[in-house]
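Report on the structure given below.
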Amino acid sequence: MANLPSRVPNVLGDGQSALGRAGWADAATIVPWAVHVAYADTEVLAAQLPSMRALVGYLQGRCQDDGLLGGEFQFGDWLDPDAPGDRPHEAKTSSDYLANAFFAHSARLTARAATADQTPSGSAMTAEPVASTTDHAHGALSWATSSARSGM
């Protein structure tokens, strides 16, 4: 998967903001898993598992030498109430932290989807190192780690 758009259809055109970004592109893993949890629907997981794996592979391909995403444009924490209205990218939460938290969460959901579909997956092996390194680099327990316990 060379380029994953931030939105479908891609109305942003080319450039940094047009590529898949944290939270937005992760809908490829979060939505199918949420449907499965809400409706016990394994068919949606079977149908979406290839795109879920593609997202995790795409993110793996964008990692730096330390195994983490970073240094790229992200939409960031667009819900930070303290960020200036005309500059939401100035939110307090690190965009790199958010990108890696979503990466770890998507890798975990993909591994769970593969288990539910009874299909082997290397995504679990991706999720834990990303989550651990993110926690270490940012000095906090990532939401992706705590959400793993809740099933979402």
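The values are calculated or read from the model by the stated rules, or taken from the named source; none is laboratory data. All of these numbers come straight from a predicted model, not from anything done at the bench. Positions of Cβ are generated from backbone atoms using ideal geometry, with glycine treated the same way; all protein chains shown enter the neighbour counts.
Laid out as a table, the results:
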{"quantity": "Meets criteria (over 13 Å from the mean Cα position of the chain (by Cα), modelled with pLDDT of 85 or more, surrounded by fewer than 21 Cβ atoms within 10 Å (Cβ to Cβ) and over 13 Å from D26 (Cα atoms)) for A47", "calculated": "yes"}
{"quantity": "Top-ranked residue in the range 78-112 [being within 21 Å of R62 (Cβ to Cβ) and surrounded by fewer than 17 Cβ atoms within 10 Å (Cβ to Cβ); ranked as modelled with the highest pLDDT]", "calculated": "T93"}
{"quantity": "Inter-residue pairs, beta-carbon under 8 Å, first without any contact (Cβ under 8 Å) to a residue 24 or more places away in the chain and in the range 62-83, second part of a loop (DSSP other than H, G, I, E, B) and surrounded by fewer than 14 Cβ atoms within 10 Å (Cβ to Cβ), 6+ apart", "calculated": "Q64/G71; D77/K92; D80/K92; D82/K92; A83/K92"}
{"quantity": "Qualifying residue in the range 74-91 (condition: within 18 Å of D135 (Cα to Cα) and either under 16 Å from the mean Cα position of the chain (by Cα) or of a type outside the set (F, W, Y) (or both))", "calculated": "yes"}
{"quantity": "Of the criteria (1) within 27 Å of A38 (Cβ to Cβ); (2) modelled with pLDDT under 70; (3) not in a helix (DSSP H, G or I), which one F75 fails", "calculated": "(2)"}
{"quantity": "Within the range 26-36, tally of residues that are free of Cβ contacts under 8 Å to residues at least 40 places away in the same chain and either surrounded by 22 or more Cβ atoms within 10 Å (Cβ to Cβ) or farther than 19 Å from D77 by Cα (or both)", "calculated": "2"}
